[in-house]
1. Rounded to the nearest Å, what's the spacing between the alpha carbon centres of segment A:220-244 and segment A:80-131? Just the number, please.
2. Work through the residues other than A:Ala283 whose Cβ is under 14 Å from its Cβ and net out their charges, Lys, Arg +1 and Asp, Glu -1.
3. Beyond 23 Å, what share of the Cα-Cα pairs of segment A:1-105 remains, rounded to the nearest whole percent?
4. Using alpha-carbon pairs under 8 Å, 6+ residues apart, how would you state the relative contact order of segment A:171-287 in percent?
5. Once you keep just the Cα pairs under 8 angstrom separated by 6 or more residues, what percentage relative contact order results for chain B?
6. Using only the Cα atoms of segment A:171-287, what semi-axes does the equivalent ellipsoid have when each is the square root of 5 times a gyration tensor eigenvalue? Give whole Å, largest first.
7. Taking the Cα centre of chain A as origin and charging only Cβ (+1 Lys, Arg; -1 Asp, Glu), how large is the dipole, in debye to the nearest 20?
8. Given a 10 angstrom Cα cut-off, can you work out which residue in B:Ser156, B:Ser203, B:Ser195 is the most mobile in a GNM of chain B?
Amino acid sequence: MNDRSYTGGPPAGEWHLEDFRVGQRWTTVEREVTAADVADFARLSGDTHPLHVDEEYAASTRFGVPIAHGPLGVAVTMGLLHELHLVDTTIVALLGTTWRYLAPIRPGDRVHAELLITGVRRTREGSTGVVDRDLRLVGSDGTVVQEGQLPCLVRARGAGPDPAERAFGTTAWGELLARSLADDRAFASATATWDGAIGLHCGEQGVQLRIYRGTVLEVARRTPSGPTFALHASPRAWTELALGPTNDLIQRSGRGEFTMSGNAYEYLRLTKAVHLLVDAARALAGKDAA
Amino acid sequence: MSTTTSPARAVPTTTGYVELHGALAFVEIVGSGPTVLLLHTAGQSGVQWRRTTPDLVAAGYRVVVPDLPGHGRSEPHPDGPVDDLGTYAAWLLDLLDLLAVERFSVVGCSIGGKLTLDLACRASDRIDAAVAMAGVAQRPGLSEAGQRRELEDSASPSRADRTYLGTLASVGSALPEAEARLVATMHRREDPVVSTSDLVAWSRHDVTDRLDRLTCPLHLVAGREDYWVDTRLVEATAAAVPHARLTLLDGVGHYPMEEIPRFGETAARWLDDLTRQ
C-alpha cells in the first residue's frame, strides 16, 4: 500500500475532483522490471531495436546491457498508479503525457513511483476537472530514472466553488494573494516607492499583480504595459516552494527551478518584496489544509 | 630616557595592527603552542572565528586570525580591492614572516578554503596541516563576468537584502533559525565592493595545475547543503590529491565554523589527526 494514504479520504477508487489538493503525495508499491517485460514490450510495440533485445549489441553501447524501452517506464508508471486505486470509478480520461528519460532501466531493476498533485481545476462545463499529476519513477537506490506529468480528467462531486489558495498562477489565486498583501506592512514598505507589475507564472498559468506605491491596484491576466518582470516555474517547483519547510526561493533560483524575465534591475531591486510575496503565498497555501 | 626594549619593529605577539604592504592590517593572536592560521570568507572578517578560537587555544594552539586587506579592521589594500587570491596568499606568507612564524597549520573557508589550497601548493614545506573548507582547486561555477558586472553599482540594487537572504540560503538546515539570522545579519556588514572583488578572485582562481606541489597533510571539508559549492568539485579536488582526507558534513551549508557548535574542538581534532599522519 502507499505509505502516505489520507485517512478520512474517500473510499478506494472514488476520489473526485474535490478530494484532491495540491501538495498531496503518494508512494506506490515497488515492482521489478524483468527481461521478460522488455521482451514482451518489444513484441507488443514492434520496437525490436537491438539496444533492447540483443545482448551482444547492447554490450557495445554506453549502457553495456540491453535496457528497457523508455515508454515501458511510462507504462509501468501507469500500472503503479492504478495500484493506488484512487480514481478507478471517477476517471474520465488521461489528458497527456509529458515525460523525460533521465537514466536507463535495466532488466532486474526495481522501481516505484512517487505521485505529487500539482494542480486541481474544474473545467468550464463544471461536472469534471483536471488533476495535474507529477510523477517520478525511482530506482531502488533512490535515482529518479524517469519523470513527467500525467494530467487526467476526473468527475466532480458538486459544482464548486473550489479553493484557490494553491491554484498558483491563476487570477483567483492572485486575488487571494493580493488580499494577504494588503495587510502586509512589510510588503507595503518594500514597494512604497515602486510603480510596476509583477508576473507570476506557474506552468501555463500566469497572473500579474499591478503595484503602485505599496498597494496592489489590480490583479489581472494582462496589464496595459505588461509585467515589469515575471517569475516562472513549473507546477512542481511552485508546489514545493509553497508547501516546503522553508522559503527557499534563492536555492531554487540557483538551481534554475525559478527563472525571471523582464527587467532584471527591478527584479533585483525588489528582492525583499519578492521574498515577502513568496512568504505570503506560503501562508496562503498553508490555509488550505485538506 | 634610553630605549632598550620594544623597538617599533618588534615581532607582535598580541592582537593588534601590523604594517604590511603599505597598510595597517589587523591580526588577532591568542594562545600559545603551534600556530594555526584561520582564514575568513569573501567580504567577511576574522569575527567569523570568534567562537572557534577559544577551543583551539584550549587545545594548545596559538591562533592567528588576520582580517584580509579591506576586511574587518584592516585598512584597504593600497592598490584597491583585491581580485586575485594569489595577492592574498603572498600577503599571508609575508604576514607570517613578519610574525616570525616558520611552521604553521591553516584552516580556511570559501575563499579562505581556496587560499588554504593555494598556500598548501605555495608553501607545503612550512605547513603542518591544512583544512580547506568549502574550497575547491578548480574554478567554480560562478561567472567572473557576472561578478565584474556586479561591481558596477547600477547592477547591484538591494545588495543588503541579497546578502542577508543569500546567507540564509547558504547555511545548512541543522542551524537553528535565530542563529542563522545572526550569521546573516553579521555578514551584511560587508563592503560590497570588497566582497564582490573577492568573488571575482574566487571565480578566476585555479590551482589544479599546482596540486602536484601540495605535499602537506590536507583535509577537504564541505557541507552537503552548501549552495555555493558543488560537492562533486570537492570530490574531484580530493581525487587529485591522493593523500587528502575528505569529509562531507550533513545538515551543514557554506559556513561550518559559524554553523557547527564547538567547531574549535572539531577543528582541533582534524588538525591533530593530520599532524599524526
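Here, each number is a calculation from the coordinates, and none is a lab measurement. All figures in this text were calculated on a predicted structure; none of them were measured in a lab. All Cβ positions, even for glycine, are placed from backbone atoms using ideal geometry, and neighbour counts span all protein chains on display.
1. Value for the Cα centre distance between the two parts: 24 Å.
2. -1
3. 42
4. Working: 191 pairs, mean separation 30.2, N = 117.
Relative contact order of segment A:171-287: 26 percent.
5. 22 percent.
6. After scaling each eigenvalue by five and taking roots: 19, 16, 14 Å.
7. Working: 30 positive and 35 negative charges, 225 e Å.
That gives chain A a dipole magnitude of about 1080 debye.
8. Greatest mean-square fluctuation among the candidates belongs to B:Ser156.
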